[in-house]
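One structure is given here, and the rest of the page talks about it.
The values are calculated or read from the model by the stated rules, or taken from the named source; none is laboratory data. These numbers come from a predicted model, not from an experiment. FYI the Cβ positions are ideal-geometry reconstructions off the backbone, even for glycines, and counts take in every protein chain you see.
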Amino acid sequence: MEFVAPGAPAAHSPWPIDPGFSGILKKACQGDLVVLVNPVNPTGEEISRDLVFFLGRELFKRGAFLMIDESFQDFIG
């Protein structure tokens, strides 16, 4: 389910995403918000800390934002 402000476009990129997030970074522009769920649902696959920091830095350069949902991180063995 998506809640979007009227007139605000939304896009969904299901897993698997390319390892360097090149597709997201190619489209990201100022004011965009990228939501990253880590660990990935439903696989439980974790995205490395280095890759999360890389994505955050690259989005910052484009004026975009990164929101990370790690609410299930404690359940990873």
Checklist line | Total residues in the range 27-40, condition surrounded by 15 or more Cβ atoms within 10 Å (Cβ to Cβ), β-branched (Val, Ile, Thr) and closer than 19 Å to Ala8 by Cα | finding: 1
Note to self: Considering only the range 3-20, I want to know if a residue exists there that is at pLDDT 80 or above, at positive phi and out of contact with any Pro (no Cβ under 9 Å at 6 or more places or on another chain).
What the structure shows: no
Notebook entry, point to check: List, please: which pairs have Cβ atoms under 7 Å, are six or more places apart or on different chains, and start with a residue in the range 21-47 that is among the charged types (D, E, K, R) and end with one that is in a loop (DSSP other than H, G, I, E, B)?
Noted result: Asp32/Ala64; Glu45/Pro39; Glu46/Asn38; Glu46/Pro39; Glu46/Ile76
Next item on the list: Starting from the range 48-66, take each residue that is polar (S, T, N, Q) and list its partners that are at pLDDT 95 or above, counting only C-beta distances under 6 angstrom and pairs at least six apart or across chains.
Entry: none
Notebook entry, point to check: Exactly one of (1) more than 23 Å from Phe72 (Cβ to Cβ); (2) surrounded by 10 or more Cβ atoms within 10 Å (Cβ to Cβ); (3) at pLDDT 75 or above is unmet by Ile24. Its number?
Noted result: (1)
Item checked: Search result, residues across the range 19-40 that are part of a helix (DSSP H, G or I) and hydrophobic (A, V, I, L, M, F, W, C) -> Ile24, Leu25
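This table checks each residue for (1) closer than 19 Å to Ala10 by Cα; (2) of a type in the set (S, T, N, Q); (3) over 14 Å from the mean Cα position of the chain (by Cα); (4) part of a helix (DSSP H, G or I).
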| site | (1), (2), (3), (4) |
| --- | --- |
| Pro42 | no, no, yes, no |
| Ile47 | no, no, no, no |
| Val52 | no, no, no, yes |
| Glu58 | no, no, no, yes |
| Ile68 | yes, no, no, no |
| Asp74 | no, no, yes, yes |
